[in-house]
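Trainee: I am attaching a structure below and will ask some questions about it afterwards.
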Amino acid sequence: MSKRLTQKVDSEVMIRINRRLILQLIRQKHSISRADLVKLTGLAAPTVSRIVDRLVNDEQLVRYGRMGDSSGGRPPVILEFNSKGRHVLGIDLGATLIRGVLADLDAEIEMEVQLPTHTHEGYEAVVDMVVLVVERLLSKRGLDPKTVIGLGIGVAGLLDKAKQTVKFSSGFEWSEKQLKADLEARIKIPLFLENSTRLMALGEKAFGKGHELRNFVVANVGYGIAAGIVVEGQLVHGGGGYAGEFGHMTVDPASEVICLCGRKGCLEALASGRSIGLAARQNAEAARSISTECHVKVDRIDAKIVFEAFQKGNPFAEQICLNAIKWLSMGVANLIHLLDPTHVFIGGGLSLSGEYFWKPLNNEIRKRVLLPNREVEILPAEFKEYATVVGSLAMVLDAILGLEIG
Ligand SMILES: [Zn+2]
């Protein structure tokens, strides 16, 4: 590389670093003067001015706020993060539902679109549906599509982070899908893919209680089971980007129940929403009883219905739910022993089942941990069914604006 070219690259890198620093400060402080930016960054005043002008006029990420307090001379102009100036799209691509949102740069949701996922229609049909969700969000009245800076998508499955492909997804029955490339061919917005559970942890860290925490886990207990892990303030990806697949940890070697991954004894095969529905439907007596109790056809019995029957006092439902909770508590206790988190957040469909889920789960976990008196807080994931989309927004903000919120 020639010397001149090296210098040019160096100065571009410096501009990017300084821009990131200034934008972060403006966002953190909510409002700040140019003079304070100069003081806090140690950069020269003309450098700060040049970057601020660009952030205000070209990128519209910063705006002028109220005039600051004057100490005699001209009152300083206050700069504010312009969260409403640009938009972000987030999608939770789940095996039962696609949830898409349009949000501002503070992740405040302005519009939402939901579609049931027709996984049985195949991969192409699911791609079509994601495109449709994006088109609907972009057609929001009064929205200038040029203000949309990026799209984050959370996918339930193993993702190759480097290639941005879906390596394997049991829920969708996909393997080796070029999802990013296939979507980019049709959606002209910078887009980013990540595992949906890891995004739940990212969302919790960026915008939830996890903001103040250094070590926590978000367990996603829905159709499948997985965990997003934060250790010493860092989201854990693992060597191949697959960290947190604790749903496929063997908890019962004697089990004959086959998991979607093809193995036996996995936690997911014994404690997921899918397994609860299946256990109820496959036991003829239980299915009949729950079907009558909750006024639904046998083939419509899912985990939500089984928990409803449990609440109504149905003994079959009680046994199925408590059995699943027992296995789940083993998985969570294992995570606690392995990682020593201060908090475990539990999200996903089952976490919405109320005290009939939470009370026995808490009791079972306490029974199984080495230090029952050590305060590990077990809490519902803050954003409930929005956990993945909030994380997908955080991912885009981090990737495009360099806000380092993740
Ligand atoms: Zn498995």
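Trainee: How many residues does region 151-178 contain that are at positive phi and modelled with pLDDT of 90 or more?
Mentor: 1
Trainee: While we're looking at this one, here's another question. Considering every residue within region 145-162, establish whether at least one is outside any helix (DSSP H, G or I), among the aliphatic types (A, V, I, L, M) and surrounded by fewer than 18 Cβ atoms within 10 Å (Cβ to Cβ).
Mentor: yes
Trainee: Given the conditions (1) buried (at least 21 other Cβ atoms within 10 Å of the Cβ); (2) modelled with pLDDT of 90 or more; (3) touching a strand residue (DSSP E or B) at 6+ places or on another chain (Cβ under 6 Å); (4) closer than 23 Å to Lys205 by Cβ, which single one is not true for Glu112?
Mentor: Glu112 satisfies all of (1) buried (at least 21 other Cβ atoms within 10 Å of the Cβ); (2) modelled with pLDDT of 90 or more; (3) touching a strand residue (DSSP E or B) at 6+ places or on another chain (Cβ under 6 Å); (4) closer than 23 Å to Lys205 by Cβ except (1).
Trainee: Shifting gears a bit: Looking only at region 227-261, how many residues end up being at pLDDT 95 or above, of a type in the set (A, V, I, L, M, F, W, C) and assigned to a strand (DSSP E or B)?
Mentor: Adding up the residues that qualify gives 4.
Trainee: Please work out which residue is farthest from Ala269 (Cα to Cα), limiting yourself to region 288-325 and to residues that are touching a residue at least 40 places away in the same chain (Cβ under 8 Å) and surrounded by fewer than 21 Cβ atoms within 10 Å (Cβ to Cβ).
Mentor: Out of the qualifying residues, it is Gln311.
Trainee: Residues to consider are Gly244, Gly265, Gly208; find the one that is more than 16 Å from the ligand (Cβ to nearest atom) and of a type outside the set (Val, Ile, Thr).
Mentor: Exactly one of Gly244, Gly265, Gly208 is more than 16 Å from the ligand (Cβ to nearest atom) and of a type outside the set (Val, Ile, Thr), namely Gly208.
Trainee: May I pose another question? Before we move on, is Leu21 touching a helix residue (DSSP H, G or I) at 6+ places or on another chain (Cβ under 8 Å) and at pLDDT 85 or above?
Mentor: Taking the combined requirement at face value, the residue satisfies it.
Trainee: Sticking with this one: Looking at region 211-226, which of its residues are surrounded by fewer than 24 Cβ atoms within 10 Å (Cβ to Cβ) and touching a residue at least 60 places away in the same chain (Cβ under 8 Å)?
Mentor: Leu213, Arg214, Asn215
Trainee: Now a separate question. Enumerate the pairs (first residue in region 259-280 and closer than 25 Å to Pro315 by Cβ and aliphatic (A, V, I, L, M); second residue anywhere and in a loop (DSSP other than H, G, I, E, B) and within 11 Å of the ligand (Cβ to nearest atom)) with beta-carbon separation below 6 Å, excluding pairs fewer than 6 apart on the same chain, so at least 6 apart or on different chains.
Mentor: Here the result reads Leu267/Met249; Leu267/Val251; Ala269/Val257; Ala269/Cys259, each pair linking region 259-280 to a residue that is in a loop (DSSP other than H, G, I, E, B) and within 11 Å of the ligand (Cβ to nearest atom).
Trainee: Lys84 is checked against (1) in contact (Cβ under 8 Å) with a residue 12 or more places away in the chain; (2) touching a helix residue (DSSP H, G or I) at 6+ places or on another chain (Cβ under 8 Å); (3) surrounded by fewer than 19 Cβ atoms within 10 Å (Cβ to Cβ) and fails just one. What number does that condition carry?
Mentor: (2)
The values are calculated or read from the model by the stated rules, or taken from the named source; none is laboratory data. Treat the numbers as computed from the prediction; the structure is a model and nothing was measured. As a convention, Cβ positions derive from the backbone with ideal geometry for all residues, glycine included, and neighbour counts pool all protein chains shown.
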